[in-house]
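Some notes on the structure that comes next.
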Amino acid sequence: MTTEAVVATVHESVDTRTPLRICGNSTWLGAGRPVRADKTLSLQSDSGVTEYVPGDLTLTARAGTSLAEIQHVAKGNDQWLPLDPYGSESGTIGATIATASAGPLSATFGLPRDLLLGLQFVNGSGDVVRAGGKVVKNVAGFDLSRLLTGSWGTLGVITEVTVRLYARPRSDRTFVVPLTGSLVEQASVIQAMYVALSPFALQLLGVTVVRALGLGELPVALVRLGGNEAVVDAQLKALAKITKPGEIESEVWGTLRELEGSAPSVIRISSMPMRMIGTAARILAEEVPGVYTTIDPRRGVMRVAAGIESEGSEIETDVVNFDDLKSGEGSTEIIFEKLPAELWSRVSPSVVADPLSRGIKKAYDPFNILNPGILGD
Amino acid sequence: MTQPSASTQRASVSARLADIVGERHVLSRPSELLVYNSDGLPGYRRQPSIAVFPGSREETIAVVRLLAEEELPFVPRGAGTGLSGGALADDIIVVGLHRLKKILSLDIDNRRATVEPGVVNLRLNRHVAPLGLLYAPDPSSEAACTIGGNIAENAGGPHCLKYGVTLNHVHAMTVVLPSGEVVELGSRTGERDGYDLRGAFIGSEGCFGVALDVTVRLTPKPQTVRTLLADFTSVDDAARVTSAIIASGIVPAALEFMDGPTIRVVEDSIYAAGYPRDAEAVLLIELDGIEAGVDADLEVVRRICLDGGARNVKVARDDIERAKLWQGRKKAFGAMGRLAPHLIVQDAVIPRTKLPEILQTIHAISEKHGVLVCNVFHAGDGNLHPNIAYSADNAEESKRVHKAMTEIMNACIDAGGSITGEHGVGLDKMGYMESIFPASSLNAMCELRSVFDPGRRSNPGKVVPVHSCKEWHGVKSARETSAATVPPPLAAEPSRPVAQ
Ligand SMILES: Cc1cc2nc3c(=O)[nH]c(=O)nc-3n(C[C@H](O)[C@H](O)[C@H](O)COP(=O)(O)OP(=O)(O)OC[C@H]3O[C@@H](n4cnc5c(N)ncnc54)[C@H](O)[C@@H]3O)c2cc1C
């Protein structure tokens, strides 16, 4: 598959009014609202790093390139793309940008929108559009790169992406901190870590997750410290003042990302960091079978994957448990990533119903052939 | 049918605007409007018809609604420090926002603040500094420019190398669209899905409406800051050292470059920072973070500098020394006012590995045309500012300067770079948009703009040349009237001291 082939497919779809389901490596197809499409446009074979200048710490890849391949290429120069969305490394860079997927590293290194320098896409009329560029700073023209990030394929088929890389840290260590004591004590440990540390990642894990990872029977904080040795040592000292950390293999992050696997429902609840910290201990301690809960206190995001063990577990009843996060001043945002098909219309029919979003969709995909329905309409 | 004369119409609009904001805050006499006929970029003058200065959010909305009702075009304006002619209004209405300067809320624990658009960047930083926080984007114009202007330009600054530009520090904003409708973009309290309209608005250069308030992310102050000055007898060595530091993987908080002509002009000015006058280049490097880690990185950076030919690497001993080293850098544009009556401040980006090569090219171009280029720039990002001081009264010199600038810009484009890293396209760079974007990209930008502003009344005639928009292809005169094909004027007028 090449950009020309994508253009040809889009043109054909326009002519025949055949809506397209756009796919990368199809690792995350259950996400989003059901798509009304008769034909699949897969970018899987459109893969490969097309330009990599280690000295510039920039890399350009075709949309179908897997994150694993990008990491492999970058590693050759002791560099990496600090982007670790939940799911597997076989997910493609195109889909990662299209869905704005991020993971535990994002509170430090940024979301996909922050790591993206430019992209190429084919809009719903078959025009090849270039956005941004290959340099690390650029304000030429309106920001189509940010517009396409998180647009779930509904504004254009992303065909190529340029991202910013970082040097691999000389030291990169992971520690597990069991959360013990009263809920108040736990909250104060979490808050102390939030204030005192600048970790690469800080995730709080609920009991079900902890068990699945074989890390015991208590909620834990997973702390990833990175940088030069001096930084990591200093941070470790700071951490040891707060609690008793135990070092574990950093493979745990990969396992964590893959854990939710085929969970039928995944939601993200986001709020202010302090609010999240305030309720974290109670939520994590609550044993809800089959519900995998992780919290990134710095980003203020709780991720809930449900229905893994018990088929019947309904996302809505799980959400109700988070009432105290949802109520009161300074509200919460709930982002539904994945739900059983029949729930969408009830829970979140659309996130693009406002006039601006509709106007943009109409301009970029006038025939409504790109992933129609996935964000609602 | 009789049309009311332009002046009657202006008088009636002024009166209605005065009803909203009070008479004192509407200017319509040409003599009063002189101050608003330029921004930070010398060389362009455009006389607005009226300038109106709302004093509150409600007044701003009312003003925009009135202009919508009357279908009148307008230009939002912050402090007017922009360097691409973005805030200029050509016989249309300026909506000045500097009176909206309230810090609306500050949430220390969650590290965020909500401010009105007229809040000056440095004022926000002074406000949060005692709380151990900072607002990271720090344009050199921080003492004057507004957060609204920063959002509109997606402003950068020396410390954006490590911390990122404005885009990376904004959670949400409220915007009054040119139609008068008020919308909330992004989320103040969390993350939101759907299209990233906040991302689309940032850097929209006043063309998508008026920001009424902005919720920004605050960053904890680093534990330690170390500032180094490395001086070189060769520009080439300094350029190679820059590339080497970036390639080493260390991310300095800032990595700034000043060449010989810049050093000497700064040292001759009241902003003298103690840079060695006989150096051909200095690098101002800042490292910050956790003390132990910073010290380790400092040693690596010092080694790279010395191995790369630095004569000397000086580390600032205290905050006073540090401030002095920075003052020379931050006031360099101002100091250049001494060289000649006029100054072109240029802004372009190149891949960082191409730095040595491009600086040689710039040097060759300046020799060829007999002009003096002063390079002072954000080297770590590859964001160049080749500036030329000259006298616009001299037509022959102006021509040479203009030729040299065009060649420099083209060299940056050929190197795979961008035509602007932080100052925006505005009026000044429109002519280059077609050299870096295909027609389809320009059209997609036009379409996005049309969604926010179907009537194209907010800052018309900026950023994307109007003839690039598909639906305007039929308009014959568009190309002729567009600034895209008109060489930037090098008007004979004294350059103002740059706003500081
Ligand atoms: C000495 C000097 C140094 C500089 N250094 C830097 C630097 O290091 N980095 C950098 O990025 N820039 C720099 N600049 C450029 C300039 O300061 C920035 O672009 C700044 O963001 C402009 O802010 P302002 O308030 O002056 O905006 P203005 O010049 O008044 O306006 C700029 C644009 O913003 C729009 N605008 C203003 N307010 C709003 C609003 N509320 N809503 C919507 N649109 C609005 C205007 O229409 C216009 O298009 C420098 C300028 C000078 C003079």
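The values are calculated or read from the model by the stated rules, or taken from the named source; none is laboratory data. On a predicted model such as this, the values are computed, not experimentally measured, just so you know. Cβ sites come from the backbone with ideal geometry, for glycine too, and all protein chains shown count toward neighbours.
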Test: residue in the range B:113-122 that is within 8 Å of the ligand (Cβ to nearest atom), farther than 25 Å from B:ILE419 by Cβ and in contact with a helix residue (DSSP H, G or I) (Cβ under 7 Å, 6 or more places away or on another chain): yes
Members of the range B:388-404 found to be within 20 Å of the chain's Cα centre (by Cα) and buried (at least 24 other Cβ atoms within 10 Å of the Cβ), listed by number: B:ILE388
Every pair of residues 6+ apart whose Cβ atoms lie under 9 Å, when the first sits in the range B:406-432 and is over 17 Å from B:ILE344 (Cα atoms) while the second is aromatic (Phe, Trp, Tyr): B:ILE413/B:TYR432
Among the numbered criteria (1) modelled with pLDDT of 95 or more; (2) more than 8 Å from the ligand (Cβ to nearest atom), which one does B:ASP109 miss? (1)
Specify the residue that is nearest to the other protein chains (Cβ to nearest Cβ); the eligible residues are those in the range B:16-38 that are touching a residue at least 60 places away in the same chain (Cβ under 8 Å) and within 14 Å of the ligand (Cβ to nearest atom). B:SER38
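Being part of a helix (DSSP H, G or I) and within 14 Å of chain B (Cβ to nearest Cβ) is the filter here; which residues of the range A:275-305 pass it?
Step one: filter the range A:275-305 for residues part of a helix (DSSP H, G or I), giving A:275-285.
Listed by number, the residues that qualify are A:ARG275, A:MET276, A:ILE277, A:GLY278, A:THR279.
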When (1) of a type in the set (Val, Ile, Thr); (2) over 26 Å from B:GLY417 (Cβ atoms); (3) modelled with pLDDT of 95 or more are applied to A:VAL73, the one that fails is (2)
Candidates B:ILE285, B:ILE246 - the one that is away from chain A (no Cβ under 14 Å) and within 30 Å of B:GLY82 (Cα to Cα): B:ILE285
From B:LYS403, B:LYS354, B:LYS399, residue being assigned to a helix (DSSP H, G or I) and within 14 Å of another protein chain (Cβ to nearest Cβ): B:LYS354
Residue check: is B:SER248 modelled with pLDDT of 95 or more and more than 16 Å from the ligand (Cβ to nearest atom)? no
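Out of curiosity, is A:SER331 modelled with pLDDT under 90 and at the interface with chain B (Cβ under 7 Å from one of its Cβ atoms)? First the steps, then the outcome.
On the way: modelled with pLDDT under 90: yes; at the interface with chain B (Cβ under 7 Å from one of its Cβ atoms): yes.
Answer is yes for this residue.
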Can you find a residue that is charged (D, E, K, R) and within 21 Å of the chain's Cα centre (by Cα) anywhere in the range B:200-212? yes
Can you tell me which residue among B:ASP236, B:ASP213 is surrounded by fewer than 22 Cβ atoms within 10 Å (Cβ to Cβ), outside any loop (DSSP other than H, G, I, E, B) and acidic (Asp, Glu)? B:ASP236
Of those in the range B:381-395 that are more than 14 Å from every other protein chain (Cβ to nearest Cβ) and touching a residue at least 40 places away in the same chain (Cβ under 8 Å), the residue nearest to B:VAL165 (Cα to Cα) is B:PRO386
In contact with a Gly (Cβ under 6 Å, 6 or more places away or on another chain), at pLDDT 95 or above and within 12 Å of the ligand (Cβ to nearest atom): does that describe B:LEU177? yes
Condition check for B:GLN327: among the polar types (S, T, N, Q) and in a helix (DSSP H, G or I): yes
Those residues of the range B:141-157 which are near the ligand (Cβ under 7 Å from one of its atoms) and touching a strand residue (DSSP E or B) at 6+ places or on another chain (Cβ under 9 Å), in sequence order: B:ALA144, B:CYS145, B:THR146, B:GLY148, B:GLY149, B:ASN150, B:ILE151, B:ALA152, B:GLY156, B:GLY157
Between A:GLY64, A:GLY94, A:GLY55, which is surrounded by fewer than 22 Cβ atoms within 10 Å (Cβ to Cβ) and either part of a helix (DSSP H, G or I) or away from chain B (no Cβ under 14 Å) (or both)? A:GLY55
Evaluate the range B:418-436: report whether one residue or more is at the interface with another protein chain (Cβ under 9 Å from one of its Cβ atoms), away from the ligand (no atom under 13 Å from the Cβ) and on the phi > 0 side of the Ramachandran plot. no
Has the range B:363-371 got any residue that is closer than 25 Å to B:LEU255 by Cα and part of a strand (DSSP E or B)? no
Boolean, B:GLU447 is more than 16 Å from the ligand (Cβ to nearest atom) and either in a loop (DSSP other than H, G, I, E, B) or modelled with pLDDT under 95 (or both): no
Segments classed as helices (runs of 4 or more DSSP H), wholly inside the range A:174-268, with at least 1 members that are without any contact (Cβ under 8 Å) to a residue 12 or more places away in the chain: A:183-196, A:207-212, A:229-242
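Would you check if there is a residue in the range B:177-200 being part of a loop (DSSP other than H, G, I, E, B), touching a residue at least 24 places away in the same chain (Cβ under 8 Å) and charged (D, E, K, R)?
Looking for residues that are part of a loop (DSSP other than H, G, I, E, B), touching a residue at least 24 places away in the same chain (Cβ under 8 Å) and charged (D, E, K, R), one finds at least one in the range B:177-200, hence yes.
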Checking the conditions here, which among B:PRO76, B:PRO158 is over 13 Å from the mean Cα position of the chain (by Cα) and not polar (S, T, N, Q)? B:PRO76
Conditions (1) among the small types (Gly, Ala, Ser); (2) buried (at least 23 other Cβ atoms within 10 Å of the Cβ); (3) in a loop (DSSP other than H, G, I, E, B); number of the one not met by B:ALA340: (2)
